[in-house]
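In what follows, a single structure is set out as structure tokens and then discussed.
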Protein chains: 2
Amino acid sequence: MGSESECGKSEVVLGVDGGTTSTVCVCMPLLPFSHHLPDPLPILGRAAAGCSNYNSVGEDAAKDTLEKVMEEALSQSGVKRSAVRAVCLGVSGVNHLKDEERVLNWIRDFFPAHVKIYVHNDAVAALASGTMGKLHGCVLIAGTGSISFGFTEDGREARAAGAGPVLGDWGSGYGIASRGLTAVVRAHDGRGPQTMLTDHILDSLGLSSPDELIGWTYADPSWARIAALVPVVVSCAEAGDQVAIEILNNAVEELGSSVKAVVQRLSLAGEDGKGSFPVVMVGGVLEANRSWDIGREVINAILKTYSGACPIRPKVEPAIGAALVAWNSLMKELPANGHR
Amino acid sequence: MGSESECGKSEVVLGVDGGTTSTVCVCMPLLPFSHHLPDPLPILGRAAAGCSNYNSVGEDAAKDTLEKVMEEALSQSGVKRSAVRAVCLGVSGVNHLKDEERVLNWIRDFFPAHVKIYVHNDAVAALASGTMGKLHGCVLIAGTGSISFGFTEDGREARAAGAGPVLGDWGSGYGIASRGLTAVVRAHDGRGPQTMLTDHILDSLGLSSPDELIGWTYADPSWARIAALVPVVVSCAEAGDQVAIEILNNAVEELGSSVKAVVQRLSLAGEDGKGSFPVVMVGGVLEANRSWDIGREVINAILKTYSGACPIRPKVEPAIGAALVAWNSLMKELPANGHR
């Protein structure tokens with residue numbers, strides 16, 4: 001406790017990445033203001049819990065999850081709530097100012113009044129994990145769902161896609177896999193060409209006929225269960241299956257167009273369209289690390305229109321991105337030469 | 001009761017159309033065997049109830065609904081179960097022989113042992129409502145979902161589409177409407193062209209911004225609620241909106257290809273592809289009766305490949321089709337010149 005007065009050495013920031021699948025909190029020491037971040041970043045504690053999207057689990061459960069994960073990260077770090085200078089929560093389901101206020105109201109009383117609290121959508125944490133805390137550029141997230149989020153240095157933001165399968169989220173893992181399943185049904189009933197997807201998807205699901213796919217999809221409509229078939233589609237494309245290749249090409253086009261729409265609306269590439277800006281790539285669909293590399297193809301599609309796009313595959317997790325946003329935001333609020 | 005011996009005048013057949021939304025039973029007198037059916041057909045009683053798809057409501061509820069609707073139709077007709085000669089049940093969710101046996105087992109004890117019971121998918125009732133009981137040709141059903149079902153005179157059958165939205169049922173009412181919603185989102189986030197669909201869909205839903213569509217779709221994933229937007233898409237197409245026209249053209253192509261796939265697999269148009277066969281058109285998407293007429297366009301698409309396709313828009317409801325199947329099937333089991 002005595003060291004807290006020594007230029008904040010025991011003071012910390014928290015970063016929270018609150019998603020629909022899991023919630024992670026990291027605790028970082030309050031770094032000195034510098035243009036160079038230490039590598040690796042010092043992490044004092046890390047905790048994980050379940051869903052904190054209140055649209056999925058309700059407000060009480062979401063609030064409890066966020067409090068629990070912050071409490072545990074602080075406990076691991078051996079610091080008290082009063083040692084926290086700033087918190088950034090990137091929470092799935094936060095889309096409007098009123099959503100930010102809702103989450104802020106849950107958390108406000110958890111910390112002493114001097115603690116700065118910043119609430120954003122979880123895409124902000126993902127962007128910051130690639131830009132090391134700077135809110136500028138575009139992040140493309142493609143896992144079970146997909147979304148493009150962009151931010152300008154003067155605080156404007158825009159998004160594209162991310163509306164779920166009913167509203168045409170076709171570049172997502174769910175979109176790719178459901179098109180793979182559809183191709184099997186179409187080959188079976190005579191509407192579409194034969195494809196390797198039939199044998200490979202049925203094998204991976206332990207089914208013996210495409211007729212059984214209807215029952216399989218109705219039995220559990222979870223998007224993640226469908227999206228888990230993406231690697232099968234990629235394997236078939238790698239083996240030269242034209243139907244699978246077309247599905248992936250279509251997903252690449254969709255994902256590329258969602259980034260380009262955001263870049264255009266925010267003029268991220270400047271007036272001549274040639275300016276440099278980061279594109280942070282996150283999520284299982286983009287990280288496949290396969291010879292048919294969806295992420296690489298998406299980057300190529302973006303570069304055709306915006307030659308200044310700088311693809312970044314983050315080396316740290318989104319919760320660390322959130323902690324860096326907390327640190328950056330705090331720095332901006334303090335006088336230029338110090339942070340006390 | 002005494003009249004039962006007079007050549008079956010008081011004997012009846014039952015037809016049941018068991019769908020996911022509603023279940024209808026009609027009771028018809030046992031008509032004399034003839035190539036010409038009376039017009040209008042004599043209907044002694046008709047009853048309606050809720051869902052009888054056991055995939056949706058469970059076996060007990062589905063069985064209860066079927067029994068209740070048959071009981072009520074008989075009661076309205078003033079005849080007893082013993083006066084029934086044959087029953088045809090066209091039930092949604094019946095896809096395999098084991099499904100037919102399941103429904104047969106529910107119903108078997110409801111009637112005396114001499115009563116003939118025929119169990120089919122509900123598409124059979126829809127086909128028969130256009131062919132007046134003859135199981136030959138193809139039926140295209142396009143309401144909330146869509147499916148093509150075909151039958152040959154020698155008892156073979158085939159289907160296409162009808163696998164639900166996850167598996168690409170794109171020509172259905174749900175498919176058309178979800179593409180309309182998607183077009184609004186894409187116009188809003190900059191991925192797609194501006195479209196009249198934005199104002200017209202938001203108006204019809206009482207929403208003020210496309211951002212609110214995400215919440216609207218998540219609030220209730222019912223397919224019928226989405227499909228109810230089809231008339232809005234048709235109106236925009238009629239007013240010349242290119243995005244809406246493209247959505248409808250795509251649906252026409254999908255629906256046409258599902259019929260053509262069935263016709264080809266069953267060789268319904270004969271070896272030269274020029275033979276004549278009925279195409280029965282059923283469901284809200286095809287019956288729109290608008291100047292942009294999806295049903296007419298689907299017929300044109302089919303005729304380009306199969307010039308012998310004879311489109312039929314049924315004048316009677318599917319339950320009557322089922323009753324005619326019961327009557328036809330009974331006749332086939334009896335000696336050629338009589339039905340006793």
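The values are calculated or read from the model by the stated rules, or taken from the named source; none is laboratory data. Remember, it's a predicted structure, so these values are computed and weren't measured experimentally. Note: ideal-geometry Cβ built from the backbone for every residue, glycine included; neighbour counts use all protein chains shown.
Of these, B:142, B:160, which one is under 21 Å from residue B:310 (Cα atoms), within 12 Å of chain A (Cβ to nearest Cβ) and under 19 Å from the mean Cα position of the chain (by Cα)? Talk me through it step by step, then tell me what you get.
Details: B:142 fails: within 12 Å of chain A (Cβ to nearest Cβ).
Result: B:160 is the single residue among B:142, B:160 that is under 21 Å from residue B:310 (Cα atoms), within 12 Å of chain A (Cβ to nearest Cβ) and under 19 Å from the mean Cα position of the chain (by Cα).
Regarding residue A:213, is this residue within 13 Å of another protein chain (Cβ to nearest Cβ), in contact (Cβ under 8 Å) with a residue 12 or more places away in the chain and surrounded by 17 or more Cβ atoms within 10 Å (Cβ to Cβ)?
Values: within 13 Å of another protein chain (Cβ to nearest Cβ): yes; in contact (Cβ under 8 Å) with a residue 12 or more places away in the chain: yes; surrounded by 17 or more Cβ atoms within 10 Å (Cβ to Cβ): yes.
Spelling it out, residue A:213 is indeed within 13 Å of another protein chain (Cβ to nearest Cβ), in contact (Cβ under 8 Å) with a residue 12 or more places away in the chain and surrounded by 17 or more Cβ atoms within 10 Å (Cβ to Cβ).
Is it the case that residue A:95 is over 21 Å from residue A:47 (Cβ atoms), not assigned by TED's automatic domain parsing to the domain that holds residue A:158 and not in a loop (DSSP other than H, G, I, E, B)? Even if it seems obvious, please write down each step before you answer.
Numbers: over 21 Å from residue A:47 (Cβ atoms): yes; not assigned by TED's automatic domain parsing to the domain that holds residue A:158: yes; not in a loop (DSSP other than H, G, I, E, B): no.
No: the conditions fail for residue A:95.
Sort out which residues of region A:240-253 are among the aliphatic types (A, V, I, L, M) and more than 16 Å from residue A:229 (Cα to Cα), and write them in order of number.
A:252
Conditions: (1) within 9 Å of chain A (Cβ to nearest Cβ); (2) surrounded by 23 or more Cβ atoms within 10 Å (Cβ to Cβ). Residue B:191 meets all but one. Number of the miss?
Residue B:191 satisfies every listed condition except (2).
For region A:312-327, indicate whether the set of residues that are farther than 27 Å from residue A:33 by Cβ, buried (at least 22 other Cβ atoms within 10 Å of the Cβ) and touching a residue at least 40 places away in the same chain (Cβ under 8 Å) is non-empty.
no
Restricting attention to region A:194-205, does a residue exist that is out of contact with any Pro (no Cβ under 7 Å at 6 or more places or on another chain) and within 12 Å of chain B (Cβ to nearest Cβ)?
Yes: region A:194-205 contains one or more residues that are out of contact with any Pro (no Cβ under 7 Å at 6 or more places or on another chain) and within 12 Å of chain B (Cβ to nearest Cβ).
Within region B:284-301, which residues are touching a helix residue (DSSP H, G or I) at 6+ places or on another chain (Cβ under 8 Å) and either charged (D, E, K, R) or under 30 Å from residue B:23 (Cβ atoms) (or both)?
B:284, B:285, B:286, B:287, B:288, B:290, B:294, B:297, B:298, listed by residue number.
Restricting to region A:47-86, what's the tally of residues that are in contact with a strand residue (DSSP E or B) (Cβ under 6 Å, 6 or more places away or on another chain) and either within 14 Å of chain B (Cβ to nearest Cβ) or surrounded by fewer than 18 Cβ atoms within 10 Å (Cβ to Cβ) (or both)?
4
Determine if region A:126-144 includes at least one residue that is among the polar types (S, T, N, Q), closer than 29 Å to residue B:226 by Cβ, in the same structural domain as residue A:239 (by TED's automatic domain parsing) and at pLDDT 95 or above.
Quick first cut of region A:126-144, residues among the polar types (S, T, N, Q) only: A:129, A:131, A:144.
With the extra rule that they be closer than 29 Å to residue B:226 by Cβ, the set shrinks to A:144.
Okay, now just the ones that are also in the same structural domain as residue A:239 (by TED's automatic domain parsing), so A:144.
Right, trim to at pLDDT 95 or above and you get none.
So far as region A:126-144 goes, no, none of its residues is among the polar types (S, T, N, Q), closer than 29 Å to residue B:226 by Cβ, in the same structural domain as residue A:239 (by TED's automatic domain parsing) and at pLDDT 95 or above.
Please state which of the following conditions residue B:89 fails to meet, knowing it meets all the rest: (1) touching a Cys at 6+ places or on another chain (Cβ under 8 Å); (2) surrounded by 24 or more Cβ atoms within 10 Å (Cβ to Cβ).
Status for residue B:89: all satisfied but (1).
Report, by residue number, each residue of region A:51-77 that is of a type outside the set (Ser, Thr, Tyr), outside any helix (DSSP H, G or I) and touching a Gly at 6+ places or on another chain (Cβ under 8 Å). Steps first, answer last, please.
Of the residues in region A:51-77, the ones of a type outside the set (Ser, Thr, Tyr) are A:51, A:53, A:55, A:57-64, A:66-74, A:76.
Next, from what is left, pick out any that are outside any helix (DSSP H, G or I): A:51, A:53, A:58.
Scanning region A:51-77 gives A:51, A:53.
Test each condition in (1) within 8 Å of another protein chain (Cβ to nearest Cβ); (2) crowded, with 24+ Cβ neighbours inside 10 Å; (3) of a type in the set (Gly, Ala, Ser) for residue B:129 and report the one that comes out false.
(1)
Residues being in contact (Cβ under 8 Å) with a residue 40 or more places away in the chain and in a loop (DSSP other than H, G, I, E, B): count how many of those fall in region B:29-50.
Selection size over region B:29-50: 7.
Just checking, which of B:226, B:201, B:245 is touching a Ser or Thr at 6+ places or on another chain (Cβ under 6 Å) and either modelled with pLDDT under 95 or of a type in the set (A, V, I, L, M) (or both)?
When all the criteria are applied, what remains is B:226.
Condition check: of a type outside the set (A, V, I, L, M), assigned by TED's automatic domain parsing to the domain that holds residue A:324 and under 18 Å from residue A:27 (Cα atoms). Does residue A:63 satisfy that? Spell out the reasoning first.
Details: of a type outside the set (A, V, I, L, M): yes; assigned by TED's automatic domain parsing to the domain that holds residue A:324: yes; under 18 Å from residue A:27 (Cα atoms): no.
Answer is no for this residue.
Residues checked against (1) under 26 Å from residue B:255 (Cβ atoms); (2) crowded, with 21+ Cβ neighbours inside 10 Å:
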{"site": "A:148", "(1), (2)": "no, yes"}
{"site": "A:169", "(1), (2)": "yes, yes"}
{"site": "A:178", "(1), (2)": "yes, yes"}
{"site": "A:206", "(1), (2)": "no, no"}
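Inspect all residues belonging to region A:265-286 and state whether any of them is without any contact (Cβ under 8 Å) to a residue 12 or more places away in the chain and either within 11 Å of chain B (Cβ to nearest Cβ) or within 17 Å of residue A:146 (Cα to Cα) (or both).
no
Restricting the search to region B:140-181, which residues are under 19 Å from residue B:293 (Cα atoms), in a loop (DSSP other than H, G, I, E, B) and of a type in the set (Lys, Arg)?
Scanning region B:140-181 gives no hits.
Would you check if residue A:227 is surrounded by fewer than 16 Cβ atoms within 10 Å (Cβ to Cβ), within 29 Å of the chain's Cα centre (by Cα), among the small types (Gly, Ala, Ser) and within 13 Å of chain B (Cβ to nearest Cβ)? Explain how you work it out, then say what you get.
Details: surrounded by fewer than 16 Cβ atoms within 10 Å (Cβ to Cβ): no; within 29 Å of the chain's Cα centre (by Cα): yes; among the small types (Gly, Ala, Ser): yes; within 13 Å of chain B (Cβ to nearest Cβ): yes.
Against the criterion (surrounded by fewer than 16 Cβ atoms within 10 Å (Cβ to Cβ), within 29 Å of the chain's Cα centre (by Cα), among the small types (Gly, Ala, Ser) and within 13 Å of chain B (Cβ to nearest Cβ)), residue A:227 does not qualify.
Here is a yes/no grid of residues against (1) crowded, with 17+ Cβ neighbours inside 10 Å; (2) small (Gly, Ala, Ser):
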site: B:242; (1), (2): no, no
site: B:254; (1), (2): yes, no
site: B:258; (1), (2): yes, yes
site: B:266; (1), (2): yes, no
site: B:292; (1), (2): yes, no
